[in-house]
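Structure first, then comments.
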């Protein structure tokens, strides 16, 4: 039968009774209290645009977990927990989720920098980890996340994997030997550019420009004019979708035809395929190229629920949420045991079949054997 579990909170004199979803002896009936919520939190800056698909992916996972495990759950049920709409600081977001008794795991943060800012809160460092909670980043790709915390995992490839794949593609498929790089001046842009430059130069590619930009404060007309003088074979753009659009429009205005390839953060350019049909970007999931049964089932369910095709953020967030949910079903709502379950995937336990490919982790909690695709918008 299902039992109740006491888990200590940050304060030593407080305890909280929650439903422990541990099936013993094949018993299928819940004894958990009516209305028990098992929270899968989504760590997003509410002011950040273009992230709705992450919420959608987690929402779908929650619905499927409740349907799949309805008998075992009994009166309990999974819920998606959002942060407060007026809180954008990653540390405060993490602190609130850690202190929320419902939360058994966190999907997020989507960026490397915010993940690093928040991880000490998820790990509950100030209390020696007594109330720590696992966090699984769907799209935090920076190499600095590797081994950053025993409570942190990611289900996407790292920038090292992605940028090296782009370098090979440029050299082998496009035969592009001269590249410009305009990167967002943060950990994502810097790390992506550094690993790309190493791989590209190793293949005898030449980087003719390597300039940072500040989000929301860049004179794109000046960048476009400089590109027109340099005439590189390709422009690499490890930045955001919104900034890429500003850059592309400035390039068109200046008559610059240099092809642009964005990092994974520019996947949202799919929405602008009619305006810029030649743009490419780095992808970790493409609905139109899906072949596995798990991916096809995910796409069908997502499209039915949201009336649109899922993007890679949706697929990766879905995979992270499903992993947390299955961890709760296998290990109960003991946060430490859920962390241990997640760590065991691909090591002590088989890899989990996910929408965006198999889920498994190495010793640094990086995703193993994840596909990297260079996609062209609309194709």
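Having 1 or more residues that are more than 23 Å from residue 285 (Cα to Cα) and not assigned by TED's automatic domain parsing to the domain that holds residue 342 is the bar; report the helices (runs of 4 or more DSSP H) wholly within segment 138-256 that clear it.
187-202, 220-230, 241-254
In segment 200-219, how many residues are touching a helix residue (DSSP H, G or I) at 6+ places or on another chain (Cβ under 8 Å) and under 17 Å from residue 233 (Cα atoms)?
Of the residues in that region, 9 qualify.
For residue 56, only one of the following conditions fails: (1) under 22 Å from residue 300 (Cα atoms); (2) surrounded by fewer than 19 Cβ atoms within 10 Å (Cβ to Cβ); (3) within 17 Å of the chain's Cα centre (by Cα). What is its number?
Evaluating residue 56 over (1) under 22 Å from residue 300 (Cα atoms); (2) surrounded by fewer than 19 Cβ atoms within 10 Å (Cβ to Cβ); (3) within 17 Å of the chain's Cα centre (by Cα) leaves (2) as the failure.
State whether one or more residues within segment 104-112 are out of contact with any helix residue (DSSP H, G or I) (no Cβ under 9 Å at 6 or more places or on another chain) and either without any contact (Cβ under 8 Å) to a residue 60 or more places away in the chain or in a strand (DSSP E or B) (or both).
no
Which numbered condition in (1) surrounded by fewer than 24 Cβ atoms within 10 Å (Cβ to Cβ); (2) touching a helix residue (DSSP H, G or I) at 6+ places or on another chain (Cβ under 6 Å); (3) closer than 19 Å to residue 58 by Cα is the only one that residue 331 fails?
Just one mismatch for residue 331, condition (3).
Checking the condition modelled with pLDDT of 95 or more, in contact with a helix residue (DSSP H, G or I) (Cβ under 7 Å, 6 or more places away or on another chain) and outside the structural domain of residue 352 (by TED's automatic domain parsing), which residue from 323, 260 passes?
Result of the check over 323, 260: 260.
Here's the yes/no breakdown for (1) surrounded by fewer than 22 Cβ atoms within 10 Å (Cβ to Cβ); (2) over 28 Å from the mean Cα position of the chain (by Cα):
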{"site": "160", "(1), (2)": "yes, no"}
{"site": "166", "(1), (2)": "no, no"}
{"site": "175", "(1), (2)": "yes, yes"}
{"site": "181", "(1), (2)": "no, no"}
{"site": "184", "(1), (2)": "no, no"}
{"site": "187", "(1), (2)": "yes, no"}
{"site": "198", "(1), (2)": "yes, no"}
{"site": "203", "(1), (2)": "yes, yes"}
{"site": "206", "(1), (2)": "yes, yes"}
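Looking at segment 285-308, which of the residues that are surrounded by 15 or more Cβ atoms within 10 Å (Cβ to Cβ) and not in a helix (DSSP H, G or I) is nearest to the chain's Cα centre (by Cα)?
Checked segment 285-308; the qualifying residue nearest to the chain's Cα centre (by Cα) is 285.
Surrounded by fewer than 17 Cβ atoms within 10 Å (Cβ to Cβ) and at pLDDT below 95: which single residue out of 110, 143, 85 fits that description?
Being surrounded by fewer than 17 Cβ atoms within 10 Å (Cβ to Cβ) and at pLDDT below 95 holds for just one of 110, 143, 85, which is 85.
If I go through segment 323-345 residue by residue, how many of them are over 16 Å from the mean Cα position of the chain (by Cα) and within 30 Å of residue 238 (Cα to Cα)?
Final tally of qualifying residues: 1.
The values are calculated or read from the model by the stated rules, or taken from the named source; none is laboratory data. It should be emphasised that the depicted structure is a prediction, and the values quoted were computed from it without experimental measurement. Quick reminder, even Gly has a Cβ in these numbers, built from the backbone with ideal geometry, and neighbours come from all protein chains shown.
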